[in-house]
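Engineer: Here you go, one structure.
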Amino acid sequence: MVRRGFWVGGSLMAVGTALLWSFRPAPVPLAATLAPAAGTGSAAEDHPPGPGAATAPGADDPRVHAFRLPTGDAPGLACEEARAVVAQTRGQLAYAPDPVDSRAFADAAADWLDPYGLWSVAPDSPVADAFDARAAELLADLESRGGGRDCSAARALGADLVTWVDELRAVFDAARADPTPGEDAENAASAIAFEGATVTRPARALAATLGRHIGALDRELGAAAQSYADAARARYFPALGAEGWGRVVLAAAVRAYVPTIDPHGAWAPLDEESSVYEVDLEARPPSRLWDKAERTAIGVRIEAGAAPPLADGDVVLSLAGVPTAGLSFEQTEQLGYAASDARPPAQAVVLRAGEKLPITTWLDGAPAETRASGPAADDDDDLPVERVEYGDGDAIVVAIHDVRDDLGDELTRAILRAREQEGRPLDGVVLDLRGNGGGSTDGAIDALGLFIPGAPLFPMKRRDGSLETDRAPEPPAVDRWRGPVATLVDADTASAAEMIAGALTAYRRGPVVGSQTFGKGCAQEYLDDDAHAGVLRLTTLLYALPDGSPVQRVGLAPTVKYPFPVADADDREATLPHAPPSWRGPDVRDRTVLARADDGTWAVTWPNAAGNIGPCKDADVCRALRLLGAPVATARRTATTKGR
C-alpha cells in the first residue's frame with residue numbers, strides 16, 4: 001500500500017502518512033451538473049503524474065495536483081484487480097463490515113456503470129434486470145467466495161451489453177444520417193443531452209436524439225466537427241466484446257461495493273480520481289475553468305463562471321487535446337482540473353455564439369490565482385465575522401461553514417482583526433458550527449490550538465486496536481485566545497466540526513450551545529489501491545473526544561440546550577445504513593492543560609451580559625448568547641421553555 005501524504009498547516013508532507021478527513025460526503029448522482037459540490041473536503045496527491053498528465057507550475061505549491069488527463073474510455077478492471085481493491089477495503093476498514101445486500105449492490109453497480117442513461121438505467125434497458133439476476137454471483141466473485149471463481153458473472157453481463165449497445169449504436173447511426181431538418185449547429189451543440197439523477201427517457205430515444213444532434217453538426221460544420229463527433233460515438237457506444245464490457249462491469253461493481261460497506265467511502269479509477277477528494281476544502285484548491293456547466297451531445301456547455309479566455313455560453317469541444325464529448329461527469333471534472341493549470345498552457349477548442357466554426361484558444365488568458373474559484377479563490381475571502389454587543393463589551397460570532405485545511409490560519413486572522421478593532425473591548429468568541437458537515441481533521445486540530453494549545457486531543461482507533469492521538473499545536477502567544485469561547489451546534493453539525501466543539505467542552509474551555517449533533521465519530525484516509533488502478537477513500541479510524549466520550553452514532557450533547565431549527569433533525573449518523581459502530585475511547589486529557597480551565601488561567605466563564613446583547617443578523621444567535629452568562633441549570637430551563 002502506498003499512502004499519499006497529509007496536510008499540516010497548509011504544507012503537503014512526505015509520502016508515508018495518509019491523508020485524514022472527517023466529513024459528511026454528499027452522494028454523486030448518475031448525471032450530475034458540472035458544478036462544485038457544496039460543502040465537500042479533499043486532499044492533494046503526492047505521486048508523479050501518470051501517462052498524459054498535465055504538469056502544473058510550482059512544485060512547492062500546496063494546490064498542485066497531479067491529476068492526469070482522462071482518456072475518455074469507460075473505466076475497467078480485470079478480475080484480480082477488482083478483487084484486490086475489495087480485499088483491501090474489507091481489510092483496512094475500521095470495523096468488521098456488514099454483509100452486503102445483493103439487490104442494493106446490483107442497483108448501485110448498474111447506476112455507476114451508466115454515465116448517460118443509455119446502458120443500464122434507462123427504463124427500456126434489459127441490462128438492469130440482468131444485474132439483478134446475477135447480483136449474488138457478481139458479489140461472490142468480488143469477495144472471492146467459493147474458490148476458483150473467474151468473474152464469469154461480469155463476462156455474462158458484458159455479453160448482454162454487447163447486444164444492447166450494438167442496438168443503440170444502430171439507432172444512433174440511423175438518426176445521425178437523417179438529422180432534424182432546419183436544426184442549426186449552435187442549437188445541436190448546446191442542447192442539454194442528459195437527465196439528472198432520475199432517468200425516465202428510454203435509451204433508444206436518447207440514442208436517436210444524440211444521433212440527430214451529431215448529424216446536424218456533421219451537416220453544418222463538416223470536417224471541423226468530424227473528430228469530436230467520432231469521439232462521441234465511440235464513447236456512447238463503445239465497440240467492446242464481452243470481455244471488455246466485463247471489465248467495465250467490474251469497475252462499476254467495485255465503485256458500488258465500497259460505499260455499500262462504508263457509507264463514507266469511495267473508490268475511483270485514476271481517470272476519475274478527483275471525484276473522491278474534497279478539493280474545495282483545501283487551503284488552496286485547484287483552479288476551476290467554470291462554476292457551472294452541462295454536458296451536451298458534442299461537448300460541455302459553460303453555464304456560469306467561465307475562466308478567461310473561456311466565456312459563458314461556450315461549448316467546449318476539446319481541452320488539452322482530449323475531446324469532451326461523451327466524457328462522464330467525473331472525467332469532465334478531472335479534465336478541467338488537469339487542464340486549468342497545465343504548463344505549457346493547455347489548448348481549448350470551443351464553439352462560441354456568433355462564430356460559424358470552432359475557435360482555438362489557450363488557457364493562459366488569466367493568472368492561475370485569478371482563475372481559481374471556490375472558498376480560497378483569494379486572500380480576502382475570510383471567515384464571515386459578526387461583531388455584536390455583549391454586556392459592557394463585544395463578542396464576535398464566527399461562521400464556520402466547513403472545516404478547511406487552513407481553518408487555524410483563518411480563525412487566527414479573524415480573532416486578531418477583532419482584537420485590533422477600536423472601540424468596545426472583545427469579551428468573547430463564538431464559533432458558529434451550525435450546518436457544518438466537517439472536513440479536514442488537521443484544520444480542526446490547528447483551530448483548537450488557539451484555545452487549548454498543546455492539549456492531547458482525540459484518541460483514534462484502527463481495526464487492529466492500535467490507538468493514535470494528536471496534540472493541538474502551540475501557536476505564538478499573541479495568536480492565542482484566552483478569553484471566553486463557545487460553540488453553536490445543531491443536528492447538522494458533524495465530523496470535524498464535532499471535534500472542535502467536543503474538544504472545547506471536554507477541556508471545560510467553553511460551552512456547547514444548541515441541540516444534539518449529527519454523531520459522525522469516524523475519519524477517512526485516502527489511499528492508493530492495491531491494484532494500482534485508482535484511489536480509495538476509506539473509513540479507517542474511529543475517534544472519541546479527549547475525555548473518551550463517544551461521538552460515532554451518539555453526537556454531542558449540548559452544555560446549554562437551544563432548539564436551533566434544522567431541515568431534518570432525524571437525519572443522523574445512527575440512521576445511516578452500515579454506519580460504523582460507536583466507540584468509547586480512553587481519557588487522554590492532559591491534567592496540566594485541564595487545570596488551566598479550573599484555576600482561571602483561561603477566562604472561560606462568560607460574563608453576565610445583563611440583557612445587553614445584540615442586535616444580531618440571526619435572532620436565534622442573540623437568543624443563544626443570552627444563555628451564555630446565565631447559570632447552566634437556568635440556561636437549560638430557559639432554552640427548553642422557549643423552544644419546546
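The values are calculated or read from the model by the stated rules, or taken from the named source; none is laboratory data. What you are looking at is a predicted structure, and each value in this text was computed from that prediction instead of being measured. As a convention, Cβ positions derive from the backbone with ideal geometry for all residues, glycine included, and neighbour counts pool all protein chains shown.
Engineer: Return a yes/no flag: does segment 139-158 have any residue that is in a helix (DSSP H, G or I), closer than 20 Å to I298 by Cα and not polar (S, T, N, Q). Can you show your working first?
Structural biologist: In the first step, residues of segment 139-158 are kept if they are in a helix (DSSP H, G or I); the result is 139-142, 152-158.
Add one more test, that the residue is closer than 20 Å to I298 by Cα, and what stays is none.
There is no residue in segment 139-158 that is in a helix (DSSP H, G or I), closer than 20 Å to I298 by Cα and not polar (S, T, N, Q).
Engineer: Can you find even one residue in segment 479-493 that is closer than 16 Å to P558 by Cβ and either touching a His at 6+ places or on another chain (Cβ under 9 Å) or small (G, A, S) (or both)? Step through it out loud before you land on a result.
Structural biologist: So in segment 479-493, the residues closer than 16 Å to P558 by Cβ come out as 485-493.
The next check asks that each one be either touching a His at 6+ places or on another chain (Cβ under 9 Å) or small (G, A, S) (or both); those that pass are 486, 491.
Yes, there is a match, as at least one residue in segment 479-493 is closer than 16 Å to P558 by Cβ and either touching a His at 6+ places or on another chain (Cβ under 9 Å) or small (G, A, S) (or both).
Engineer: For the structure I just gave you, tell me whether V551 is surrounded by 24 or more Cβ atoms within 10 Å (Cβ to Cβ) and without any contact (Cβ under 8 Å) to a residue 60 or more places away in the chain.
Structural biologist: yes
Engineer: Turning to a different aspect of this structure: Would a scan of segment 186-206 turn up a residue that is part of a helix (DSSP H, G or I), over 36 Å from the mean Cα position of the chain (by Cα) and either closer than 16 Å to G326 by Cβ or of a type in the set (D, E) (or both)? Please lay out each step first, then the result.
Structural biologist: The first filter runs over segment 186-206 and keeps only residues part of a helix (DSSP H, G or I), leaving 186-190, 203-206.
Adding the requirement that they be over 36 Å from the mean Cα position of the chain (by Cα) leaves none.
The answer is no, given that none of the residues of segment 186-206 is part of a helix (DSSP H, G or I), over 36 Å from the mean Cα position of the chain (by Cα) and either closer than 16 Å to G326 by Cβ or of a type in the set (D, E) (or both).
Engineer: Okay, moving on. Scan segment 246-259 and report the pairs whose first residue is among the hydroxyl-bearing types (S, T, Y) and whose second residue is part of a helix (DSSP H, G or I), with Cβ atoms within less than 7 Å and a gap of 6+ or a chain change.
Structural biologist: Y257/V86; Y257/F105; Y257/L142
Engineer: Checking the conditions here, which among A325, A268, A256 is within 25 Å of the chain's Cα centre (by Cα), part of a loop (DSSP other than H, G, I, E, B) and modelled with pLDDT of 95 or more?
Structural biologist: Numbers: A268 fails: part of a loop (DSSP other than H, G, I, E, B); A256 fails: part of a loop (DSSP other than H, G, I, E, B).
Only one candidate qualifies: A325.
Engineer: Name the residue that is farthest from P263 (Cα to Cα), counting only residues in segment 491-538 that are among the β-branched types (V, I, T) and touching an Asp or Glu at 6+ places or on another chain (Cβ under 7 Å). Spell out the reasoning first.
Structural biologist: Of all residues in segment 491-538, those among the β-branched types (V, I, T) come to 493, 500, 505, 512-513, 517, 535.
In the following step, the residues that additionally are touching an Asp or Glu at 6+ places or on another chain (Cβ under 7 Å) were identified as 517, 535.
On the way: T517: 18, V535: 16 Å.
So, considering only residues that are among the β-branched types (V, I, T) and touching an Asp or Glu at 6+ places or on another chain (Cβ under 7 Å), the one farthest from P263 (Cα to Cα) is T517.
Engineer: Which one of these does C79 not meet: (1) at pLDDT below 75; (2) surrounded by 16 or more Cβ atoms within 10 Å (Cβ to Cβ); (3) more than 24 Å from the chain's Cα centre (by Cα)?
Structural biologist: (1)
Engineer: Further question on the same structure: If you check every pair at least six apart or on different chains, which have Cβ atoms under 6 Å apart with a residue in segment 481-494 that is under 19 Å from E573 (Cβ atoms) first and a residue that is part of a strand (DSSP E or B) second?
Structural biologist: Note: pairs meeting the criteria are T487/L431; T487/V512; V489/V512; V489/G514; D490/G514; A494/G438.
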